[in-house]
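Single-structure report; data block below.
The values are calculated or read from the model by the stated rules, or taken from the named source; none is laboratory data. Just so it is clear, the model here is predicted, and its values are computed rather than measured. In this analysis, Cβ positions are derived from the backbone assuming ideal geometry, glycine residues included, and neighbour counts consider all displayed protein chains. Please note that ligands, DNA and RNA were not included when accessible areas were found on the heavy atoms of the full protein model with its side chains. Shrake-Rupley method; radii C 1.70, N 1.55, O 1.52, S 1.80 Å.
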Amino acid sequence: MVSVFNILILLEKNCVATHLQGFLNKVTLGYFTVTFHGPGEKILELHPKEAIIIYAIAPSKLAVLNDRQKGILKYLLEHGRIASEECTKYFNITRDTANRDFKRLIEERLIEKKGTGRATHYVLKEK
């Protein structure tokens, strides 16, 4: 059986191995508190074992997009979806401009349209 104390020691060793500052622990009446400190200045020294690519766009496709269309893709990465009205307010453009941008991104197979009527919204196209 692994005790809480052994788990805390393993956590401390892993923090040291990954250049994170050690953590503080406090055990009181069967409860314990763990505080993780960020890597601070050493953030650039961290090297993940493998990177997880969430969404990749070929440079050739990015080259044909304007800055606003790239902004729409970034918005979709951060928020998951965008409607025409959100787009017009966020980018300060007309509905026609937003619809042209959506059409272009659909033609490039980067986004897809979901819903109909007032429920229409756009999401990143799954590969």
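Tally the residues that are at pLDDT 95 or above, among the charged types (D, E, K, R) and either crowded, with 16+ Cβ neighbours inside 10 Å or touching a strand residue (DSSP E or B) at 6+ places or on another chain (Cβ under 9 Å) (or both), restricting the search to segment 89-110.
Looking only at that region, the number is 2.
For segment 111-127: of the residues being over 22 Å from Tyr55 (Cα atoms) and part of a loop (DSSP other than H, G, I, E, B), which is most open to solvent (accessible area, probe 1.4 Å)? So that I can check it myself, show each step before the final result.
Let us first name the residues in segment 111-127 that are over 22 Å from Tyr55 (Cα atoms), namely 115-120.
Checking the rest, the ones that are also part of a loop (DSSP other than H, G, I, E, B) come to 115-116, 120.
On the way: Gly115: 46, Thr116: 113, Thr120: 28 Å².
Checking each candidate, the answer is Thr116.
Go through segment 65-80 and give me each residue that's open to solvent by 70 Å² or more (accessible area, probe 1.4 Å) and in contact with a helix residue (DSSP H, G or I) (Cβ under 9 Å, 6 or more places away or on another chain). Give the derivation first.
Within segment 65-80, the first condition is being open to solvent by 70 Å² or more (accessible area, probe 1.4 Å), and the residues that meet it are 67-68, 70, 74, 77-79.
Arg68, Lys70, His79, listed by residue number.
Looking at segment 56-88 only, could you name the residues that are touching a strand residue (DSSP E or B) at 6+ places or on another chain (Cβ under 6 Å) and either polar (S, T, N, Q) or assigned to a loop (DSSP other than H, G, I, E, B) (or both)?
Just the residues of segment 56-88 that are touching a strand residue (DSSP E or B) at 6+ places or on another chain (Cβ under 6 Å), to begin with: 75-76, 81-83.
Passing the criteria: Arg81, Ala83.
Could you give every pair whose Cβ atoms fall below 7 Å, whose first residue belongs to segment 106-127 and is free of Cβ contacts under 8 Å to residues at least 40 places away in the same chain, and whose second residue is surrounded by fewer than 12 Cβ atoms within 10 Å (Cβ to Cβ), counting only separations of at least 6 or pairs across chains?
Note: pairs meeting the criteria are Lys125/Arg109.
What is the one condition in (1) under 19 Å from Glu126 (Cα atoms); (2) modelled with pLDDT under 70; (3) touching a strand residue (DSSP E or B) at 6+ places or on another chain (Cβ under 6 Å) that Lys26 does not satisfy?
(1)
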